[in-house]
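Heads up, the thing below is written out as structure tokens.
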Amino acid sequence: MSLRDALRIPSAQITDETVYRQRRALLGALAMTPAIAMSGCGAAEPPPPPRAPPTPAQVRSGFRTDEEPTRYEDITSYNNFYEFGTGKADPSRAARTLRTSPWSVQVGGECEKPGTLALEDLLKGLRPEERVYRLRCVEGWSMVIPWLGVPLAAVLKKFAPTSKAKYVAFTTLADPRQMPGLAYRSINWPYREGLRIDEAMHPLTLLATGLYGKPLPQQNGAPLRLVVPWKYGFKSIKSIVEIRFVEKMPRTAWHDLQPSEYGFFSNVNPQVDHPRWSQKTERRIAGSASKLFAERIPTRLFNGYGEQVASMYAGMDLGKWY
Ligand SMILES: Nc1nc2c(c(=O)[nH]1)N[C@H]1C(S)=C(S)[C@@H](COP(=O)(O)O)O[C@H]1N2
Ligand SMILES: [Mo]
């Protein structure tokens, strides 16, 4: 489908399947044309009043959810990992050959103890915890995933960030021999993401190493991927090889591609429509196969983690597509 065709679909008929096709079409269209002027941001609700920082108990209440979990087979066969292709089933097939051991991560920038560490050393002394989080993709589908991982803050503190470390930038491996998707210069590889330092240090922010108590499968971002449950899924960057503390807001892969559609903050917000589709509801992929295409549920501000994270955005205009 061409981008022009994609844009012609009446919004009432847009499902996350068409959205994902639009997103894929956009990659091709943008490769040939300068940035297309997209319609402005959705109408805004007034921002919620500033809130006090969460208590430790409120933070912990975000670590688990009783919602029905997504099945292992769905989490590992319905993926976005464009380095291995743009189809949902591509990563589970093509990422099988990604070599995840040995693996090292280069950590640098505004910190006192930079270094390149083997994964084992990066995680030394930290015990993986289980966190059951909602994952909400910008395309309008969501899952409930039992991750295994360590708080990102615990890893970052090992490197003694300085007061100049206002943001943290992350980079995915970009090895064309292992990643067939890199042959398509759609995204400006390597995949890059970033967080503000307070977001990176937030107790909900996880560096995941596994799911369902097992090591992370390649298609889910092995051996190490970010999980930021209150943000759209594209912020949760996979197969990380570099972490940098930086002073300025870092450039990110999706934002570079289409700034009006993929903001730096990208906190889940049902009141702010994506320029080309509504974000009010989501298709929850959970439970039995027969439910997969039936369940649409309301999307929640901050993906339901407002109690834990809203205070970080006090005073910020949430009505904009950040
Ligand atoms: N390196 C990299 N990280 C990535 C992506 C990607 O294409 N490349 N896709 C993102 C998107 S859009 C989503 S929704 C999640 C999907 O994670 P999952 O496949 O483990 O569910 O990974 C994110 N991280
Ligand atoms: Mo996504």
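The values are calculated or read from the model by the stated rules, or taken from the named source; none is laboratory data. Bear in mind that the values here come from a model prediction, so they are computed numbers and not experimental data. As a convention, Cβ positions derive from the backbone with ideal geometry for all residues, glycine included, and neighbour counts pool all protein chains shown. For accessibility, only protein heavy atoms count, side chains too; no ligands or nucleic acids. Shrake-Rupley method; radii C 1.70, N 1.55, O 1.52, S 1.80 Å.
From Leu224, Leu195, Leu204, which residue is more than 13 Å from ligand 1 (Cβ to nearest atom), in contact (Cβ under 8 Å) with a residue 12 or more places away in the chain, among the hydrophobic types (A, V, I, L, M, F, W, C) and crowded, with 24+ Cβ neighbours inside 10 Å? Show your work before the answer.
Numbers: Leu224 fails: more than 13 Å from ligand 1 (Cβ to nearest atom); Leu204 fails: crowded, with 24+ Cβ neighbours inside 10 Å.
Going through Leu224, Leu195, Leu204 in turn, the sole match is Leu195.
Among the residues of the range 103-115, is there at least one that is more than 17 Å from the chain's Cα centre (by Cα), of a type in the set (D, E, K, R) and within 12 Å of ligand 1 (Cβ to nearest atom)?
no
Here is a list of conditions, (1) open to solvent by less than 50 Å² (accessible area, probe 1.4 Å); (2) within 13 Å of ligand 1 (Cβ to nearest atom), and Tyr305 meets all of them except one; can you say which number that is?
(2)
Quick one: Lys166 ticks every box in (1) on the phi < 0 side of the Ramachandran plot; (2) open to solvent by less than 20 Å² (accessible area, probe 1.4 Å); (3) touching a strand residue (DSSP E or B) at 6+ places or on another chain (Cβ under 8 Å); (4) not acidic (Asp, Glu) bar one, so which box is it?
Unmet condition: (2).
For the range 96-146, how many residues are assigned to a strand (DSSP E or B) and more than 16 Å from ligand 2 (Cβ to nearest atom)?
Residues flagged as assigned to a strand (DSSP E or B) and more than 16 Å from ligand 2 (Cβ to nearest atom) within the range 96-146 amount to 16.
Within the range 207-221, track down each residue that is more than 16 Å from ligand 2 (Cβ to nearest atom) and open to solvent by less than 10 Å² (accessible area, probe 1.4 Å).
Kept after step one, since they are more than 16 Å from ligand 2 (Cβ to nearest atom), are these residues of the range 207-221: 207, 209-218.
Answer for the range 207-221, where residues must be more than 16 Å from ligand 2 (Cβ to nearest atom) and open to solvent by less than 10 Å² (accessible area, probe 1.4 Å): Leu207, Gly210, Leu211.
Each row is one residue, and each column tells you yes or no for (1) within 24 Å of Thr55 (Cβ to Cβ); (2) among the hydroxyl-bearing types (Ser, Thr, Tyr).
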{"residue": "Gly221", "(1), (2)": "no, no"}
{"residue": "Lys231", "(1), (2)": "yes, no"}
{"residue": "Val241", "(1), (2)": "no, no"}
{"residue": "Asn267", "(1), (2)": "yes, no"}
{"residue": "Thr281", "(1), (2)": "no, yes"}
{"residue": "Arg284", "(1), (2)": "no, no"}
{"residue": "Glu295", "(1), (2)": "no, no"}
{"residue": "Ser311", "(1), (2)": "yes, yes"}
{"residue": "Met316", "(1), (2)": "yes, no"}
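Is it the case that the range 157-166 has a residue that's within 16 Å of ligand 2 (Cβ to nearest atom) and either under 26 Å from Gly304 (Cα atoms) or part of a helix (DSSP H, G or I) (or both)?
no
Test Pro161 against the stated conditions and say whether it is away from ligand 1 (no atom under 16 Å from the Cβ), in contact with a Leu (Cβ under 8 Å, 6 or more places away or on another chain) and in contact (Cβ under 8 Å) with a residue 40 or more places away in the chain.
no
From the list Ala44, Ala12, which residue is at negative phi, at pLDDT below 75, assigned to a helix (DSSP H, G or I) and among the hydrophobic types (A, V, I, L, M, F, W, C)? First the steps, then the outcome.
Details: Ala44 fails: assigned to a helix (DSSP H, G or I).
Step by step, each of Ala44, Ala12 is checked, and only Ala12 is at negative phi, at pLDDT below 75, assigned to a helix (DSSP H, G or I) and among the hydrophobic types (A, V, I, L, M, F, W, C).
Confirm whether Gly263 is open to solvent by less than 10 Å² (accessible area, probe 1.4 Å) and under 18 Å from the mean Cα position of the chain (by Cα).
Considered against the rule, which asks whether it is open to solvent by less than 10 Å² (accessible area, probe 1.4 Å) and under 18 Å from the mean Cα position of the chain (by Cα), Gly263 comes out as yes.
What's the number of the only condition in (1) over 15 Å from Thr70 (Cα atoms); (2) under 16 Å from the mean Cα position of the chain (by Cα); (3) open to solvent by 20 Å² or more (accessible area, probe 1.4 Å) that Leu135 fails to meet?
The single condition Leu135 does not satisfy is (1).
Checking Asp273 against (1) crowded, with 23+ Cβ neighbours inside 10 Å; (2) over 25 Å from Leu122 (Cβ atoms); (3) not small (Gly, Ala, Ser), which test does it fail?
Only one criterion in (1) crowded, with 23+ Cβ neighbours inside 10 Å; (2) over 25 Å from Leu122 (Cβ atoms); (3) not small (Gly, Ala, Ser) is unmet by Asp273, namely (1).
Residues Gly149, Gly181, Gly108: which one is of a type outside the set (S, T, N, Q), within 26 Å of His255 (Cα to Cα), buried (at least 19 other Cβ atoms within 10 Å of the Cβ) and at pLDDT 95 or above?
The match here is Gly181.
Checking Glu73 against (1) under 16 Å from the mean Cα position of the chain (by Cα); (2) within 16 Å of ligand 1 (Cβ to nearest atom); (3) open to solvent by 20 Å² or more (accessible area, probe 1.4 Å), which test does it fail?
Among (1) under 16 Å from the mean Cα position of the chain (by Cα); (2) within 16 Å of ligand 1 (Cβ to nearest atom); (3) open to solvent by 20 Å² or more (accessible area, probe 1.4 Å), Glu73 violates only (1).
Considering every residue within the range 278-287, establish whether at least one is touching a helix residue (DSSP H, G or I) at 6+ places or on another chain (Cβ under 8 Å), in a helix (DSSP H, G or I) and open to solvent by 30 Å² or more (accessible area, probe 1.4 Å).
Looking for residues that are touching a helix residue (DSSP H, G or I) at 6+ places or on another chain (Cβ under 8 Å), in a helix (DSSP H, G or I) and open to solvent by 30 Å² or more (accessible area, probe 1.4 Å), one finds none in the range 278-287, hence no.
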